[in-house]
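Colleague: Quick one: the structure is below, questions incoming.
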Amino acid sequence: MGLSAAFHVRIATCTHNPAIEMLVQSFPGPMLMSLREAQVAAPLMGHKGTEEHRELAETIQRRDLDTATTVMRAHLGRTAERVSSVETSPTD
């Protein structure tokens, strides 16, 4: 989990956009909590996340903005769907 969070912080740093860096660095607690919840809710998705991280790093290295954008949108979209389904699920 720590490596995944560190990856996101590093990507934010690489944007050289102070607002993005500050935003990502401002919520390490919620990010780690989300990663823990993902591990419980969908343990096999960790492999998918790792693949997406690798693909994103490779597209950035190639300076392939279009593919990097597609990979990141899919990655964040999957996370948003998971978080949204947790928030809307009925409580016992």
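Bear in mind these aren't lab numbers, they're just calculated from the coordinates by the rules spelled out. What you see is a predicted model; the values in this text were computed from it and never measured.
Colleague: For region 2-88, what does the relative contact order come out to in percent, with C-alpha contacts under 8 Å and a separation of six or more?
Modeller: So the answer I get is 20 percent.
Colleague: With viscosity set to 0.890 mPa s at 25 °C, what whole-number translational diffusion coefficient in µm²/s follows for region 2-88 from Stokes-Einstein and a Kirkwood radius over Cα pairs?
Modeller: 180
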